[in-house]
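Q: Sharing a structure with you now.
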């Protein structure tokens, strides 16, 4: 099957597997509608590339693209970042500042890690999605914008609703069209082509041995594309020639067979736990390094650990 390589807003997308071809077909169809899109998938699986592709194929392609990670800022600053603030709205607000909704007007606003959004901000976001004009923080004049929302999460938002961490009405508003990005272990035909793409960034002459290719394909890649990129960088540094052998790759175990489609939803939490444990094992229990490996914020990893391992593992994990 021929390899497809396309660039969406400056980011390359490597598509070789039939699974990802089907995902990209859905992306094109969704892009040409006005529907709000919710992209789901594990950390590092390529959700941002899918979001960029939606904008690329949409009727708003020539309009602004704005992206925001909802976990990147403290909760008290997120509202100001999204909706803007007026001069004097709070300490340090020396000038008025437009929000990301203003900047994305007529274009696309991508909200990554939407599950991390504070409940109070979720209420305001829902109203804006319903077309209600909003106030900037400290403002007295309502602002109306036309921005298409594309959101992404690595969380099970339905479970977050049950835990009262996410609003059901906002979930249903975001979930007009859902696109699931499968992890690398479910699209093994993509692993080597993506690895070779990363390898070419270090030099055109380098290549993988047949044994190294098989090792790459066998690994479960709990950190998905981000982990694969790091593994290629490690191999380039370790290699003494242009031929990348298995000894140059980071040590990792062969993957178990991927779960069948009927079991995926039931095993989602188990897979997430396994990915966290694998990252912690590789980093000697160092949470900050494990979060970097998985491509999530330290806060996200800490929340996961509290949820899954608070009672059993909290004494054996490093806090640094």
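Since every read-out is calculated from the coordinates, none of them should be taken as a lab result. What you are looking at is a predicted structure, and each value in this text was computed from that prediction instead of being measured. We place every Cβ from the backbone using ideal geometry, glycine too, and count neighbours over all the protein chains shown.
Q: Quick check on packing: order 33-39, 74-80 by the mean number of other C-beta atoms within 10 Å, highest mean leading.
A: 33-39, 74-80
Q: Okay, which of region 56-74 sit inside 15 Å, backbone N to the point 7 Å along the Cα-Cβ direction of residue 146?
A: 59-64
Q: Helix-derived [θ] at 222 nm for the chain: sum -39500 (n - 2.57) over DSSP H runs of at least 4, divide by residue count, nearest 500?
A: Here the helix-only value at 222 nm equals -12500 deg cm²/dmol.
Q: Once the Cα atoms of helix 119-129 and of the chain are each reduced to a long axis, what angle between those two axes, in degrees from 0 to 90 to the nearest 10, is obtained?
A: Approximately 80 degrees, to the nearest 10.
Q: List the pair-distance distribution P(r) of region 4-180, using every Cα-Cα distance, as the percent of pairs falling in each 10 Å bin from 0 up to the bin containing the longest distance, rounded to whole percents.
A: Values per bin, smallest distances first: 10, 37, 35, 15, 3, 0.
Q: With springs only between Cα atoms under 10 Å, which of 43, 153, 300 fluctuates most in a Gaussian network model of the chain?
A: 300
Q: Shape verdict for region 184-248, please, from the Cα gyration tensor: rounded (a/c under 1.5), prolate (a/b greater than b/c) or oblate.
A: prolate
Q: (1) 23.3; (2) 18.5; (3) 33.3: which one is mean projected area of the Cα convex hull in nm² as calculated from this entry?
A: The listed entry that was calculated here is (2).
Q: Beta carbons within 10 angstrom, averaged per residue: use that to sort the peptides 20-29, 105-114, 84-93, 227-236, highest first.
A: 105-114, 227-236, 20-29, 84-93
Q: In the Gaussian network model of the chain, springs joining C-alpha atoms below 10 Å, which of 141, 124, 97 carries the largest mean-square fluctuation?
A: Comparing 141, 124, 97 in the GNM, the peak value goes to 141.
Q: Over the Cα atoms of region 91-162, compute the convex hull volume and normalise it per residue, giving Å³.
A: Here the figure is 114 Å³ per residue.
Q: Distance between the C-alpha centers of region 154-203 and region 91-131? Whole Å please.
A: The distance from the Cα centre of region 154-203 to that of region 91-131 comes to 22 Å.
Q: Quick check on the exposure proxy: order 186, 211 from fewest to most C-beta atoms within 10 angstrom.
A: 211, 186
Q: Tell me, what is the percent relative contact order of the chain, built from C-alpha pairs under 8 Å that lie six or more residues apart?
A: It comes to 18 percent, rounded to a whole number.
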